[in-house]
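One structure below.
The values are calculated or read from the model by the stated rules, or taken from the named source; none is laboratory data. Every value quoted in this text rests on a predicted model; they were computed, and no experiment measured them. A quick note on method: Cβ atoms are made from the backbone with ideal geometry, for glycine too, and the neighbour counts reach across all protein chains shown. Heads up: the accessible areas ignore ligands, DNA and RNA and are worked out on the full protein's heavy atoms, side chains in. Shrake-Rupley method; radii C 1.70, N 1.55, O 1.52, S 1.80 Å.
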Amino acid sequence: MMRLELLLAGLQLLHVAGWSAYFALTRMVYSGSSEYLVMLAAAETIPTIAGVLGAILAERLGYRPIFLLGIAEGLFLSLTGIWLHRPELLWLAALIASFSWSLAGPQILGYALTVSGLSARSLGIVLAGGTIGWSLGGAAAPILAAYVGADVVLVVSGIIVAAIYLVLGLMPQARPSRKGGKGLTRLRYFAVAIIPASLAFVGTEIVGTIYMAKLSVEMERLGYALGIALSGFIGAAVRPYAGSLVDRIGEARVLPLVLILYAGYIPLLASTHGPIFMAVWLLPLYPLFDVAIYKYAARLVGEAMGSAAVSSAYSIAGIVLLSAARLRGETSTYNALAVAAFLAAATAAAIGSRVVPERSHGEHLIRGPVERGAGG
């Protein structure tokens, strides 16, 4: 099992490195336009509702056909390099690449949860590979772009992403479990999974978009690359321990707490500068959040649909972000929106945790919602 985990972690490293290069370079190129960056974030998030279709196909056909569909993700990611300096076409390429990612990308994590028996620690190892990829891709991209051009870096990144899906398509076939009942009952459980994730992603996308751009200004090119690299390496080191913590005390307890911490994190980002800002930027809240949210959703509706619920939550977040961009708000407005989103997500996760009972050794069963007024 450890060998398979490490292979998946390596593939996730390459996958995320390609996207990290894209985020680092697009945020650097458009750092002077907060409005366009928020609109770009919307293009990256709105299509993720397609993750539900990917999950349905994975439950019916297994993971392998879905991985082969992911090749299109890499091809359109390459097009973001060709159209990097054409904002309208860049927006379109990002939209289609994100749609393709929605079908296949979340199922890498669904596959990891399936073959590991819903182990958050195993998930943390695979996610750690992605975190290292975030560091390597984000750190290398600005430096390489100075020599070969940002467009070339993005084209190559897309080719690498397409290649990892070919490898995934050759891995042992597996079929995810299906939880949450049928019809409206399953839809209810899906809603319990997607609502806190959607609210939280409104906040994380604002933080990632606005404050990654701020990092590029505060620290200049080399400091920007270093900040991205360190955030990834710290996150990679934390993730397996975050997974063990979630397995030990439960994602239903961890999730609300980390979302409340996020709400206090934003004022620190807004009020600090220089090396202090980078130190705040490096606090590893996100690794604890995403391990908890993926397991939370998987226990409600199964590994494939749970991963899709989390990825699809980006779609709702994207709609909110697009609406916020149309309001032409200042950074302080976006900060207030992010804080409110995190607090609302924490509340929703705490309420939702009442339908996610704990079982030992990674084996979890779902019961119906607690009756109104019962249990405090």
### S157 in contact with a Pro (Cβ under 7 Å, 6 or more places away or on another chain) and assigned to a helix (DSSP H, G or I)
no
### Query
Residues of the stretch 67-114 being among the aromatic types (F, W, Y) and under 30 Å from A174 (Cβ atoms), which ones?
F67, F76, F99, W101, Y111
## Note on the structure
Considering residues that are part of a helix (DSSP H, G or I) and in contact (Cβ under 8 Å) with a residue 24 or more places away in the chain, the number found within the stretch 70-91 is 15
### Scan of the stretch 1-26 for residues that are open to solvent by 40 Å² or more (accessible area, probe 1.4 Å) and within 18 Å of L79 (Cβ to Cβ), ordered by number
F23
#### Entry: Residue in the stretch 237-253 that is nearest to Y211 (Cα to Cα), counting only those that are open to solvent by less than 10 Å² (accessible area, probe 1.4 Å) and in a helix (DSSP H, G or I)
A242
### Message
Pairs needed: first member in the stretch 212-233, assigned to a helix (DSSP H, G or I); second member anywhere, of a type in the set (S, T, N, Q) and surrounded by fewer than 22 Cβ atoms within 10 Å (Cβ to Cβ); C-beta distance under 6 Å; at least 6 residues apart or different chains.
### Response
A213/S31; S216/S31; Y224/S216
### Task
Keeping to the stretch 267-284, report how many residues are open to solvent by 10 Å² or more (accessible area, probe 1.4 Å), part of a helix (DSSP H, G or I) and not aromatic (F, W, Y).
10
### Task
Go through A191, A200 for me and flag whichever is free of Cβ contacts under 8 Å to residues at least 60 places away in the same chain and either assigned to a helix (DSSP H, G or I) or of a type in the set (K, R) (or both).
A191
### Summary
Note on the stretch 285-304: residues within 18 Å of K182 (Cβ to Cβ) and either open to solvent by 10 Å² or more (accessible area, probe 1.4 Å) or acidic (D, E) (or both) are E303
### Query
Restricting the stretch 335-347 to residues that are modelled with pLDDT under 90 and of a type in the set (A, V, I, L, M), which is farthest from L322 (Cα to Cα)?
A336
### Query
From the list A140, A163, A128, which one is within 29 Å of L285 (Cα to Cα), at pLDDT 90 or above and surrounded by fewer than 24 Cβ atoms within 10 Å (Cβ to Cβ)?
A140
### Summary
Reported set for the stretch 191-204 where residues are open to solvent by less than 30 Å² (accessible area, probe 1.4 Å) and in contact with a Gly (Cβ under 8 Å, 6 or more places away or on another chain) is A193, P196
### Task
Quick one: in the stretch 329-342, of everything that is surrounded by fewer than 16 Cβ atoms within 10 Å (Cβ to Cβ) and not acidic (D, E), which residue is nearest to the chain's Cα centre (by Cα)?
A340
### Odd one out for L184, checked against (1) open to solvent by 50 Å² or more (accessible area, probe 1.4 Å); (2) modelled with pLDDT of 90 or more; (3) among the hydrophobic types (A, V, I, L, M, F, W, C)
(2)
### Task
Could you tell me whether T80 is in contact with a helix residue (DSSP H, G or I) (Cβ under 6 Å, 6 or more places away or on another chain), crowded, with 24+ Cβ neighbours inside 10 Å and more than 25 Å from L300 (Cα to Cα)?
yes
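Take Y262 and tell me if it is assigned to a helix (DSSP H, G or I), open to solvent by 60 Å² or more (accessible area, probe 1.4 Å) and either of a type in the set (K, R) or closer than 23 Å to V310 by Cα (or both). Let's see the steps before the verdict.
Numbers: assigned to a helix (DSSP H, G or I): yes; open to solvent by 60 Å² or more (accessible area, probe 1.4 Å): no; either of a type in the set (K, R) or closer than 23 Å to V310 by Cα (or both): yes.
When the stated conditions are applied, Y262 does not pass them.
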### Query
Among the numbered criteria (1) open to solvent by less than 20 Å² (accessible area, probe 1.4 Å); (2) within 23 Å of E5 (Cβ to Cβ); (3) modelled with pLDDT under 90; (4) small (G, A, S), which single criterion is violated by S119?
(1)
